[in-house]
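Notes for the one structure printed next.
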Amino acid sequence: MTARIEAVRGDITAERADAIVNAANSSLLGGGGVDGAIHAAAGPRLLEECRRVRRTAYPQGLPVGYAVATGAGELPCRWVIHTVGPNWNRGQRDEADLAACFANSLREAARVGARSVAFPAVSAGVYGWAGATVARVAVTTVRAAPELEELDLVRFVLFSDRLLADFEQALARH
Ligand code: AR6
């Protein structure tokens, strides 16, 4: 069996997937956008777990393209997988870094035992990547991931109709 891959419009903090992915920054200590929404909905336990990750595994911060799982605090999912997208506005324009976010998040999801994973459009907000590029890289990377065999569902949860259209087009084409 391989996972179903779909795109919906919605708020990822309301997702009941086993794991949701957070478009974080290297500090793992919160920010704006989807990161801010996830921390606000999860409550202080998530920040506490992120601080522990910083103290133990990543004292210098989580590098671009990496992913790390924590619990989910008050969120309806079980895990939050934090990944750091490349920042286009700072010249981080290598698609391989963006692809690594999706690939490494799926690897981390499978490692903790998640069967369903919800992704936002990593790097398509403050970090300035074009939605259509994020959609293409996300879809091609997820389709090629070996972890799909261990998952039931990968859902892209998009915050605007425009981004949803980008992802629907990518799913139809790639
Ligand atoms: N559910 C789903 N998608 C959302 C939600 C939500 N609740 N809120 C926003 N989005 P961004 P980035 C969309 O800026 O570009 C943060 O400050 C948003 O519309 O959240 O990777 C971090 O701490 C956009 O399409 O992430 C970093 O510093 C997408 O999520 C930096 O922003 C990603 O936008 C990361 O920038």
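Couple of notes before you dig in:
- Pairs where the first residue, in region 151-173, is surrounded by fewer than 22 Cβ atoms within 10 Å (Cβ to Cβ) and the second is among the charged types (D, E, K, R), C-beta under 6 Å, 6+ apart: 152/115; 153/4; 155/6; 164/9
- Selection count, region 26-50, where residues are assigned to a helix (DSSP H, G or I) and surrounded by 14 or more Cβ atoms within 10 Å (Cβ to Cβ): 13
- Residues that are buried (at least 16 other Cβ atoms within 10 Å of the Cβ) and either in a loop (DSSP other than H, G, I, E, B) or within 12 Å of the ligand (Cβ to nearest atom) (or both), drawn from region 14-25: 15, 17, 18, 20, 21, 22, 23, 24, 25
- So residue 59, is it within 14 Å of the ligand (Cβ to nearest atom) and more than 15 Å from residue 17 (Cβ to Cβ): no
- Region 1-13, residues that are part of a strand (DSSP E or B) and either more than 15 Å from the ligand (Cβ to nearest atom) or more than 23 Å from residue 135 (Cα to Cα) (or both): 4, 5
We did not get these values from a lab; they are worked out from the coordinates using the rules stated. Computed from a predicted model, the values in this text were never measured in an experiment. Heads up, the Cβs are rebuilt from the backbone with ideal geometry, glycines too, and the neighbour counts pull from every protein chain shown.
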